[in-house]
Amino acid sequence: MLVELGEKFPGLEFRMEHTNVQVDAMEKIGDRDTYRVVGTRKEGFPVVDRINFDAQTGLLVRTYTTMQSVIGSFPEDTFYEDYREVSGVKIAFTNRVVSAEGNRTYKWATIDANAPVEDAKFTKPIPPAPRPPAD
């Protein structure tokens, strides 16, 4: 999930990361009609992932994947909501994750695109001085 949240536009690289990509159904999510796109992962376990795009707006509504763990696999749904325009691009300001690990909601109040970042943010901090040995 962390990688997914770090993507600029979730779902954009789906075709590059999957084989046999195709629209396989229309699916209702909430009150929206969506196109469901499926594909088999190229890396790791041969798992079929699904992404849903709103039939009217083309915006990503949901991703479904299977996460692998030492005790087996479990499904994870991510819902993309509250789209707002940022520098001419619509971005989901709310991501809801539903999984066996627990449900989580990520909300952003503001998102900036191409915002300047001071070079000082990338300076490695000086480590604290070593503690003297205990007597």
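The values are calculated or read from the model by the stated rules, or taken from the named source; none is laboratory data. Nothing here was measured: the structure is a model prediction, and the numbers come from that model. Quick reminder, even Gly has a Cβ in these numbers, built from the backbone with ideal geometry, and neighbours come from all protein chains shown. Areas reflect the complete protein model, heavy atoms only, side chains present, ligands, DNA and RNA absent. Shrake-Rupley method; radii C 1.70, N 1.55, O 1.52, S 1.80 Å.
Tabulated data
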quantity: Close pairs (9 angstrom Cβ cut-off, 6 or more residues apart or separate chains): at positive phi in the stretch 26-43, open to solvent by 30 Å² or more (accessible area, probe 1.4 Å) anywhere; calculated: Gly30/Phe79
quantity: Any hit, the stretch 31-44, residues being loosely packed, with under 10 Cβ neighbours inside 10 Å and modelled with pLDDT of 90 or more; calculated: yes
quantity: Selection status of Gly44, closer than 22 Å to Ser99 by Cβ, of a type in the set (Gly, Ala, Ser) and outside any strand (DSSP E or B); calculated: yes
quantity: Test set (1) open to solvent by 80 Å² or more (accessible area, probe 1.4 Å); (2) at pLDDT below 85; (3) part of a strand (DSSP E or B) - Val23 fails condition number; calculated: (2)
quantity: Contacts under 6 angstrom Cβ, first residue in the stretch 75-94 being among the basic types (Lys, Arg), partner part of a strand (DSSP E or B) and open to solvent by 50 Å² or more (accessible area, probe 1.4 Å), 6 or more apart; calculated: Lys90/Tyr83
quantity: Selected residue [over 25 Å from Ala109 (Cα atoms) and in contact with a Ser or Thr (Cβ under 8 Å, 6 or more places away or on another chain)] from Arg50, Arg36, Arg15; calculated: Arg50
quantity: Test: residue in the stretch 48-58 that is in contact with a Leu (Cβ under 7 Å, 6 or more places away or on another chain), within 20 Å of Met16 (Cβ to Cβ) and open to solvent by 50 Å² or more (accessible area, probe 1.4 Å); calculated: yes
quantity: Strands (runs of 3 or more DSSP E) wholly inside the stretch 61-109 containing at least 3 residues that are in contact with an Asp or Glu (Cβ under 9 Å, 6 or more places away or on another chain) and open to solvent by less than 30 Å² (accessible area, probe 1.4 Å); calculated: 72-86, 89-99
